[in-house]
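Before any comments, here is the structure.
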Number of protein chains: 12
Amino acid sequence: MTDSVYKLMEITGSSQTSMEDAIRLAVSRAAKTVHNLRWFEVLETRGHIEDQQIQYWQVTLKVGFTLDDTTS
Amino acid sequence: MTDSVYKLMEITGSSQTSMEDAIRLAVSRAAKTVHNLRWFEVLETRGHIEDQQIQYWQVTLKVGFTLDDTTS
Amino acid sequence: MTDSVYKLMEITGSSQTSMEDAIRLAVSRAAKTVHNLRWFEVLETRGHIEDQQIQYWQVTLKVGFTLDDTTS
Amino acid sequence: MTDSVYKLMEITGSSQTSMEDAIRLAVSRAAKTVHNLRWFEVLETRGHIEDQQIQYWQVTLKVGFTLDDTTS
Amino acid sequence: MTDSVYKLMEITGSSQTSMEDAIRLAVSRAAKTVHNLRWFEVLETRGHIEDQQIQYWQVTLKVGFTLDDTTS
Amino acid sequence: MTDSVYKLMEITGSSQTSMEDAIRLAVSRAAKTVHNLRWFEVLETRGHIEDQQIQYWQVTLKVGFTLDDTTS
Amino acid sequence: MTDSVYKLMEITGSSQTSMEDAIRLAVSRAAKTVHNLRWFEVLETRGHIEDQQIQYWQVTLKVGFTLDDTTS
Amino acid sequence: MTDSVYKLMEITGSSQTSMEDAIRLAVSRAAKTVHNLRWFEVLETRGHIEDQQIQYWQVTLKVGFTLDDTTS
Amino acid sequence: MTDSVYKLMEITGSSQTSMEDAIRLAVSRAAKTVHNLRWFEVLETRGHIEDQQIQYWQVTLKVGFTLDDTTS
Amino acid sequence: MTDSVYKLMEITGSSQTSMEDAIRLAVSRAAKTVHNLRWFEVLETRGHIEDQQIQYWQVTLKVGFTLDDTTS
Amino acid sequence: MTDSVYKLMEITGSSQTSMEDAIRLAVSRAAKTVHNLRWFEVLETRGHIEDQQIQYWQVTLKVGFTLDDTTS
Amino acid sequence: MTDSVYKLMEITGSSQTSMEDAIRLAVSRAAKTVHNLRWFEVLETRGHIEDQQIQYWQVTLKVGFTLDDTTS
C-alpha cells in the first residue's frame, strides 16, 4: 500500500421512506460519477413536512473517495 | 408568494420502536397545537437503557412552522 | 432594578430585499404577540435561489424578552 | 410507562446572589406557566458588571417538560 | 434515592444491517463488561463503502452507567 | 415530485461594496457552471483591511443544487 | 521531569446540594479507583426536576490523571 | 517577505444604522490604537431592542494586525 | 446614547474556594487596569487536583468593556 | 485588483512519514487538477494504526483556489 | 469479516521534542494495556511554557481499538 | 501558592519551514512584551499557497500568562 490522497464531497439524499434510504440514494447517485467511494459521514438530518406529516427525509453526507490519476 | 416569518420550537419524541418512530411521534404531537408545520432538523439522538437493553429511543427536533396572523 | 427572568424564542424572517430587512420582519412579527422584547442574536443566515438568482434572504434569530406576570 | 413527547423552552434567570440562585429563579418562573417540568441544561453563563463589580449573574437554561393533552 | 456518580464510555458499533442495529450491538457488547447501563447519546454516524455500496453502518455512542462500589 | 439528490459546493465571494454583494457575486459565479441552484447558507464572514480601512468583504457560502443526470 | 502520558475519563456527579458538591462527589469517587488525578474540565451542567423543583444538580467532567506503569 | 507574527483582538461595534456600519465603526476605532490592521472575521451578530424596535446592531469581530517591533 | 465600541479580553481566575470566587477574582483584577467593565461570559471551567482533592477552581471569562478615547 | 470568487475543496492526504508530509501530498495532488491554489486550512488530523504502531498520518484540508473563466 | 465493536479512549502524550513525538508516546503507552489499536484522532494540541520557551508539547488523542472477548 | 489570575492573548505565527516553527516564532514574539508565559493552545492551522506550493505555515495560538501587579 502506498501513500494516497482522498477527496471529499457533500451530498444530500432525499427519500419518502426512511433516513437510511435517503443515505443509500445519495451514495448510489455519487457512485454514478465518482469511482472508488470509500466512506461517508452524516452531517445533518432534516425533514420536509406537508399536510402536517413528514414527506421527505433529507440526510446530508460527506463522502470520501480515492483520487486516482484520471480523476479531477 | 410574499415575505413571511417562521417560528421554531424544540421537541423530543420518545419511542420504544425506533428513531424514526420517535421523530414521527414528535411531529404528530406538534401538529395538534401548531398549524402549518414546514420542516424539522434533528438536534440530538439519545436512548434510555433498562435491564441492559434499549427501552426508549429519544430524538430531539427543531421544528419550523409558518406564523400566520392567528398564531402566537 | 429587581431580579428578573427572560424567555427566548427562535424565529426566521424571510425577505426579498436584504438580510437586515429579514431581521426587521422577524422582530416586528414577534412584537405582535410578545411584550418587552429586549435583544436578538443571529443564529443562521440562509437564502432561497430560483432561476439562478437569490429570491429570499432567510435569517434565523434567537429573540429575548422579559417575562412579566401576564406572559406565558 | 407509554411513549411520550417533551417540549423544550429556553429561559434566562438573573440574580444578584449567585449562579445557582439565577438557575432556581428561572426554574421557579417556568413552573408558574408550565406543568411537569423534568430537567434543565445550562446553555450559557454571563454576568452584568456595574461600578467595576458583578451586579447580576445571568444563566440561560434549556428546560424540558412533558407535553400532556392540555398543553400547547 | 441517594447522591450518585455515573461514568461514561465511548463505543462504536458496526453493522451490515442498519444504524439501529449498530447501536444495539454496541450497547449489548458494553453490557458484557459493565453493570447498570443507564443511557446513551449518538456522537457520530459514519459508514464504510465497498464496491460502491454501503457495507457497514458505524455509529459511535457515549454510554453512561452507574458506578457502584465494585466498579472501576 | 420524486426522490432526489442535491450536491453542495463551498464558494467565497469577495466584494468592495457590501456583504450582500459578495454573496450575490458568489451565487452568480456558481450559476455559470452549475444548473439548478436551490439554496445557500452563510458559513463565514471575513474582510480584508488595507490602509486601515475595509477593502474587501469576503463571505463563504455552502450552495446546494439539484443533481440531474447530466451533472457530475 | 520526564516525558509522560495522561489518560482522561468522563464522569458525572449528581448532588442534591449544589454544582460544586456534584463536582466534588465525582472527583472523590474517581479517586477511589485511579491514582494521580491531575485536573478536570466541566463538559456539561444539567439538573433533574421533580415536583417543579430542582432535585439533583448533575455535572459531567473530563478528568485527567497520570498513567504510571501499574495503571491500565 | 519574511516570517512574521500577527496579533488578534476582539472588538464589538454598535451602530443604529446597519450591520456593516457597526463593523466599520469597530475597525476605525481599532485603527486609532493599532497599526497595520490586516483582516477581520465576524464572530457574533446581535441587536438591542427598545420599544419593540431594533435600536442597535452589535457585531463582534476578531481583528488581526501585524506585530512590529514597537507594538505590544 | 451614541454609537459606541467595546473591546473584549480573556482572563482566567483561579481560587481555592469556589467557581464564583474565581470569577470575582478575575473581574476585580481586570478592574485594576481597565475602566468601564460592562459584562462577562464564562468560556471554560476547569480545576487543578492535588493529593486527590480539588485545589483550585479555574474559570476563564471573556470580559467586555467600553473603549473611551484614552483607552488602548 | 478586482472583485473575485474562490472555490473550496476538501481533500485528505495520507503519509507514512509525518503530518506535514500528508499536507504537502494533498496540496500537490490538488495542484494537478486545479489552477491558482491560494490557501488551505486543517480540518482534521487522524492516523491509522497497525501492529500497535502508527502506519499513516491522515490530514484533511479545506483548500481554496481562484475561480477563473475556464474553471468549473 | 463480521460485525464488530470498537472502544475509544482519550489519552494525552507529552514530549519535549515535537507534536508527532507526543502522539507516538501516547500511542505506544496505550499499546501496553490495550490490544488491537486501530486509529486515532487529534482532539487538542497544547504546550507548556517555562522560562519563556516551550518545554512540553501536549497532544490529546481519541484512540480506537477492537473489543475482543477478553477485553473490558 | 496563592490565588492568581491569568490573561490570554491570541497570536498567529507564520513560518516558511514548519508548523512547529510557526508556533515557536509566535511564542518567542509574545515573550518580548509579556512576562511569565505559561501555556498555549492551538486554535487554527492554515497555510498560504503560491505557485502551487506551500509558502507559509500559519498557526494561531491562544497563549496564557500570569498577571502580576505591573502588567496590564
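Points worth noting:
- With all protein chains modelled, accessible area of K:His35 [1.4 Å, Å²]: 120
- Interchain or long-range residues, amide H under 5 Å from G:Leu67's placed H: G:Val5, G:Tyr6, G:Lys7
- Counting only heavy atoms of the protein chains and using a 1.4 Å probe, C:Ile54 has close to 30 Å² of accessible surface.
- Calculated from backbone phi, Karplus (6.51, -1.76, 1.60) coupling profile of the stretch D:50-55 in Hz, x at Gly/Pro: 9, 6, 6, 9, 5, 9
- Based on C-alpha pairs under 8 angstrom that are at least 6 apart in sequence, chain K has a relative contact order of 43 percent.
- With helices as the sole contributors, chain K gives -7000 deg cm²/dmol at 222 nm; each DSSP H run of n ≥ 4 counts as -39500 (n - 2.57), and the sum is divided by every residue.
- Shielding by partners for peptide I:22-35, expressed as the average number of C-beta atoms from other protein chains within 10 Å of each residue's C-beta, is 4.
- Distance between the stretch L:1-71 and chain F - C-alpha centres, whole angstrom: 33
- Averaged over the residues of F:48-61, the number of partner chain Cβ atoms lying within 10 Å of the residue Cβ comes to 5.
- Convex hull of alpha carbon positions in the stretch L:6-66: directionally averaged projected area 3.9 nm².
- At a probe radius of 1.4 angstrom, the accessible area of the stretch L:6-66 per residue rounds to 36 square angstrom.
- Solvent-accessible surface (1.4 angstrom probe) belonging to F:Met19, in square angstrom, nearest 10: 20
- For chain A, built as a Gaussian network whose Cα springs stay under 10 Å, the top-fluctuating residue of A:Leu25, A:Leu43, A:Leu61: A:Leu43
- Assuming charge only on the beta carbon of Lys and Arg (+1) and of Asp and Glu (-1), the dipole of chain L about its Cα centre is about 120 debye to the nearest 20.
- For the stretch I:9-19, 3J(HN,Hα) per residue [Karplus equation, 6.51 cos²θ - 1.76 cosθ + 1.60, θ = phi - 60°, Hz, x = Gly/Pro]: 10, 9, 8, 10, x, 10, 9, 7, 9, 6, 5
- Links that overshoot a 28 Å alpha carbon limit, given the list A:Lys32/F:Lys32; D:Lys7/G:Lys32; B:Lys62/G:Lys7; C:Lys62/K:Lys62: D:Lys7/G:Lys32; B:Lys62/G:Lys7; C:Lys62/K:Lys62
- Placing unit charges on the Cβ atoms of the charged side chains and taking the dipole of chain D about its Cα centre, the candidate lying farthest along the positive direction among D:Thr12, D:Ser28, D:Thr45 is D:Ser28.
- Residue of I:Val27, I:Val59, I:Val42 that the Gaussian network model of chain I assigns the largest fluctuation, springs spanning Cα pairs under 10 Å: I:Val42
- Shape of the protein assembly as shown, Cα gyration tensor, a/c cut at 1.5: rounded
- Simple Cβ-charge dipole of the protein assembly as shown, Lys/Arg +1 and Asp/Glu -1, about Cα centre, in debye nearest 20: 0
- For C:Thr17, residues with placed amide H under 5 Å, excluding near neighbours: C:Trp57
- Note, ³J(HN,Hα) from phi for the stretch K:29-38, Karplus 6.51, -1.76, 1.60, rounded to Hz, x at Gly and Pro: 5, 4, 5, 6, 10, 10, 8, 6, 4, 10
- The protein assembly as shown, accessible surface, carbon-and-sulfur percent (1.4 angstrom probe): 43
The values are calculated or read from the model by the stated rules, or taken from the named source; none is laboratory data. Model, not experiment: these values are computed from the prediction. We place every Cβ from the backbone using ideal geometry, glycine too, and count neighbours over all the protein chains shown. What goes into the accessible areas is simple: the full protein's heavy atoms, side chains included, and nothing from ligands, DNA or RNA. Shrake-Rupley method; radii C 1.70, N 1.55, O 1.52, S 1.80 Å.
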